[in-house]
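Trainee: Handing you this structure, nothing more for now.
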Amino acid sequence: MKDLVKIDLYRLGRHKLYWAGCLLALGFTAWFLLVRPIPQLEKYEAEKVAILLNAGISFYFSFFVGLFLGSEWADGILRNKVMAGHSQKAVLGGHYLSLLAALGGMTLSWLLGALAGGVALSGSLLFFCLKSLLFNAAFIAVIQAICFRLRKQSQGIIFTGTIFYMTFVGTLAGNLLYSISMGRPVLHKLVALLYNTSAIGQCFAGSGLADEGLNNPLLQIPVSLVLMAGALLLGSLGLNKRSID
C-alpha cells in the first residue's frame with residue numbers, strides 16, 4: 001500500500017490540472033470575497049460567503065477523480081500495478097489515500113484564499129474546515145467507487161458530473177421540502193438527513209442560505225462518516241475478481 005500511495009502522490013504532484021485547481025481555489029476565493037460580484041451576497045458575512053464557495057471543491061473533484069483514475073486504464077498503469085503483485089483493492093486504497101492528500105491541499109488553498117479575502121481565522125471557520133474534509137472525503141469515496149469500475153475517462157466524468165448536478169438540484173429542492181415539511185416530524189428529519197448527505201447541502205447549510213435547522217454537526221459528521229465507510233466498502237466488493245484484460 002505504501003508504494004502505491006507513493007506512486008499516486010508522484011502522479012498527483014505532476015498533474016498540472018491539480019495545481020491549477022489549487023491556484024483557482026485560492027485566487028477565486030480571495031477575489032470573490034474582495035469584489036463581491038453578486039450583489040445578493042453583499043449582506044452576508046465574509047465567512048458565510050467563503051463557506052458557500054467551498055462547494056467548488058466538490059465540483060472540482062467530481063471531474064478530477066474521473067480524469068485521475070481514468071488514466072489508470074488508458075495508460076496501462078492499473079495492469080502494471082496488478083502484474084507487480086498488488087491487489088485491485090490495494091490499488092483502490094492507494095488511490096483514496098492520495099486523493100485525500102489532494103483534498104487536503106485543495107482545502108488549504110481555499111482556506112488561504114478565504115483569509116486573503118478578509119475572513120478572520122476563527123474557531124467556527126476551522127470547525128467548518130473539519131466538516132468540509134469529512135463531507136468531501138465521503139463525496140470522493142462515492143465517485144471513486146464509480147470511476148474505478150469504469151474503463152474510460154469520459155464515462156467516469158459523465159457519471160460523476162451527473163451525480164454532482166443531481167445533488168445540486170436535490171439541494172435546491174431540499175430547501176423547499178424542509179420548509180413545507182414543518183409539522184411532520186418524521187418527514188422533517190428525513191429531509192434533513194438526505195440534505196446533509198450532499199457536500200453541497202452541507203455548504204449551503206453552513207453558509208446561511210439554508211434553514212438553520214439543517215446546519216447540525218451532530219447529524220452532518222455521522223452522515224459523512226457513514227457515507228464514506230459505505231462507499232469504500234461497496235466500492236471494494238468483488239474487486240479482486242474483476243478482469244483487467
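No value in this document is a laboratory result; all are computed from the given coordinates. Remember, it's a predicted structure, so these values are computed and weren't measured experimentally. In this analysis, Cβ positions are derived from the backbone assuming ideal geometry, glycine residues included, and neighbour counts consider all displayed protein chains.
Trainee: Could you pull out the pairs from Lys89/Lys152; Lys2/Lys152; Lys81/Lys131; Lys6/Lys241 whose alpha carbons sit more than 28 Å apart here?
Mentor: Result: Lys81/Lys131 exceed 28 Å.
Trainee: Is it possible to state the helix-based mean residue ellipticity at 222 nm for the chain, with each DSSP H run of 4+ residues giving -39500 (n - 2.57), the sum divided by total residues, to the nearest 500 deg cm²/dmol? What is it?
Mentor: Helix contribution divided over all residues of the chain: -26000 deg cm²/dmol.
Trainee: State the Cα centre-to-centre distance between segment 88-154 and segment 170-245 in whole Å.
Mentor: Segment 88-154 and segment 170-245 have Cα centres separated by 16 Å.
Trainee: When only alpha-carbon atoms count, how far does segment 1-148 stretch along each of its three principal axes, as whole angstroms with the largest first?
Mentor: Extents along the principal axes: 57, 26, 23 Å.
Trainee: Rounded to the nearest 0.05, what FRET efficiency do Leu225 and Lys2 give with R0 = 30 Å and r taken as the Cβ-Cβ distance? Could you check?
Mentor: Approximately 0.75, to the nearest 0.05.
Trainee: Related question: If each residue of separation counts as 0.36 nm, what is the full-extension length gain between Ala101 and Leu218 once their alpha-carbon separation is subtracted?
Mentor: 39.6 nm
Trainee: Assuming R0 = 51 Å, can you tell me the calculated FRET efficiency for the pair Ile158 and Ser124, based on Cβ-Cβ distance, to the nearest 0.05?
Mentor: That pair, Ile158 with Ser124, gives E of 0.85.
Trainee: Could you tell me which residue out of Val5, Leu219, Phe59 lies farthest along the dipole of the chain toward its positive end? Charges go on the beta carbon: Lys and Arg +1, Asp and Glu -1, centred on the Cα centre.
Mentor: Val5
Trainee: Going by average Cβ density within 10 Å per residue, which order do the peptides 135-147, 219-231, 180-192 take, highest to lowest? Display every interim value, and only then the final one.
Mentor: On the way: 135-147: 24.5, 219-231: 17.8, 180-192: 13.6.
Ranking, from highest mean packing down: 135-147, 219-231, 180-192.
Trainee: Assign unit charges at the C-beta atoms only (+1 for Lys and Arg, -1 for Asp and Glu), then state the dipole size of segment 2-241 relative to its Cα centre in Debye, rounded to the nearest 20.
Mentor: With only Lys, Arg, Asp and Glu charged at Cβ, the dipole is about 760 debye.
Trainee: Can you tell me what the convex hull of the Cα atoms of segment 170-232 projects to on average, as an area in nm²?
Mentor: Values: hull surface 16.2 nm².
Across all orientations, segment 170-232 yields a mean hull projection of 4.1 nm².
Trainee: May I pose another question? Which Cα, out of Ile200, Met182, Ile143, lies furthest along the positive dipole direction of the chain (beta carbon charges, K/R +1, D/E -1)?
Mentor: Ile143
Trainee: Another question about this same structure. Give the order of Asp8, Asp211 when sorted by the count of other beta carbons within 10 angstrom, beginning with the fewest. Walk me through the numbers on the way to the answer.
Mentor: Details: Asp8 24, Asp211 17.
In increasing order of surrounding Cβ atoms, one gets Asp211, Asp8.
Trainee: How would Glu72, Glu45, Glu212 line up from fewest to most surrounding beta-carbon atoms within 10 angstrom?
Mentor: Ordered by Cβ neighbours within 10 Å, fewest first: Glu212, Glu45, Glu72.
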